[in-house]
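Below is one structure; the comments refer to it alone.
The values are calculated or read from the model by the stated rules, or taken from the named source; none is laboratory data. From a predicted model like this one, the values you see are computed outputs, not experimental measurements. Virtual Cβ from ideal backbone geometry, glycine too; neighbours counted across all protein chains shown. Please note that ligands, DNA and RNA were not included when accessible areas were found on the heavy atoms of the full protein model with its side chains. Shrake-Rupley method; radii C 1.70, N 1.55, O 1.52, S 1.80 Å.
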Amino acid sequence: MCRWAAYLGEPIFLEDIVSRPAHSLIRQSQGATRCPTPVNADGFGIAWYGERPEPGLYRDVMPAWSDPNLRSLVGQVRSHLFMAHVRASTGTATSRNNCHPFAAGRWSFMHNGQFGGYDAFRRHADVLIPDEFYPHRKGATDSEALFLVALGEGLDSDPQGAMERALGKLGGLAFQRGTAPHVRAACAFSDGQRLYALRYSSDDQAPSLYHRWSASRQGWAVVSEPLETDQADWQEVPPGSFCIFEKDRVQILPFHPERLSAAA
């Protein structure tokens with residue numbers, strides 16, 4: 001499975017999350033500790049917000065630890081809101097279009113997890129993407145499909161409801177046409193103002209998710225794995241949760257994808 005990290009708060013250099021911590025995202029790409037795939041070498045990506053509503057995006061197929069351009073970029077760019085991802089493919093090709101995060105308009109999105117047996121229902125998943133958003137379908141992953149289906153379900157006006165409906169629809173296909181594990185998801189996404197995250201699984205193996213407020217930075221780190229081994233104040237997000245991070249507050253709500261119970 002993939003590893004990712006996100007930040008919301010006072011502007012910091014991207015390297016303060018991506019490369020500098022003892023267990024930074026780049027280090028996790030070579031030695032993850034809280035997932036069954038310790039090496040994430042199938043590409044990486046960063047989405048960050050600056051002066052414009054739309055995020056900047058940098059993605060490549062190289063392992064994160066071997067790209068000097070990535071280290072240069074994160075050492076120079078500051079942002080108040082950004083997301084970074086290192087990929088371990090669950091079946092689709094290693095290509096730039098399949099690397100996270102994905103972006104459409106002001107929204108950015110990344111995912112760790114899978115919809116079991118996705119190849120068996122990929123065409124059916126694409127049918128769920130409205131025509132308005134299908135031009136954004138550049139890759140072949142279940143993650144990008146989930147993002148675009150959620151946009152069609154009203155992500156702009158109802159982020160939690162849109163994700164519950166979208167994940168429920170794709171999860172329903174996994175139950176009907178795919179294989180176990182049907183749904184595993186730890187997602188982060190943003191409209192450039194708030195940072196959202198969710199943790200869910202149709203079994204008891206939800207991908208890991210943690211958050212931490214830094215008083216010194218005045219910001220939130222939301223991550224697959226804690227970034228420092230000597231910090232004891234990382235909080236694990238319970239499975240079946242939807243998180244809304246805004247300024248110095250976090251709201252954690254129950255997350256219940258629609259239609260999944262009927263499909264099961």
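Details
- Other-chain or far-sequence residues with amide H under 5 Å of T37's (modelled H): none
- Ratio Rg/Rh [Cα only; Rh per Kirkwood] for the chain: 0.93
- Where labels lie 7 Å past Cα in the beta-carbon direction, separation of Q76 and A93 in nm: 3.1
- Here V237 sits with roughly 0 square angstrom of accessible surface, probe radius 1.4 Å.
- Cα-based equivalent ellipsoid of the range 90-231: semi-axis lengths in Å, sorted from largest, via gyration tensor: 26, 18, 14
- Karplus (6.51, -1.76, 1.60) ³J(HN,Hα), θ = phi - 60°, over the range 129-137, in Hz, Gly and Pro reported as x: 7, x, 4, 4, 9, 5, x, 7, 7
- Here the Karplus curve 6.51 cos²θ - 1.76 cosθ + 1.60, taken at θ = phi - 60°, turns the phi angles of the range 91-96 into couplings of x, 7, 5, 7, 8, 4 Hz, with x standing for Gly and Pro.
- 5 Å binning of all Cα-Cα separations within the range 58-167, expressed as whole percents from 0 upward: 2, 11, 20, 23, 19, 13, 7, 4, 0
- Accessible area ranking (1.4 Å probe, heavy atoms, ligands and nucleic acids excluded), largest first, for W65, W234: W65, W234.
- A crude spin-label estimate for the pair T229 and L57, with each label 7 Å from Cα along the Cβ direction, gives 3.6 nm.
- Built amide H within the under 5 Å cut-off of V237, gap 5+: L209, Y210, H211
- Computed as a quarter of the hull surface, the mean projected area of the alpha carbon convex hull for the range 76-125 stands at 5.0 nm².
- For G50, residues with placed amide H under 5 Å, excluding near neighbours: G56
- Within the listed set F82, F175, F147, the Gaussian network model of the chain (springs between alpha-carbon atoms below 10 Å) gives the highest mean-square fluctuation for F175.
- Highest-fluctuation residue, P36, P238, P55 considered, GNM on the chain with Cα pairs under 10 Å: P36
- Rounded to the nearest 20, the size of the Cβ-charge dipole of the chain about its Cα centre is 340 debye, with Lys and Arg at +1 and Asp and Glu at -1.
- Derived scalar couplings between HN and Hα for the range 223-233 equal 9, 6, 9, x, 8, 10, 7, 9, 9, 9, 9 Hz in order, rounded to whole Hz, by the Karplus curve 6.51 cos²θ - 1.76 cosθ + 1.60 (θ = phi - 60°), x for Gly and Pro.
- Positive-end residue, the range 1-129 charge dipole about Cα centroid, Cβ charges, pick of L70, V86, Q30: Q30
- Contour minus Cα-Cα distance for A180 and R217 (0.36 nm per residue): 9.2 nm
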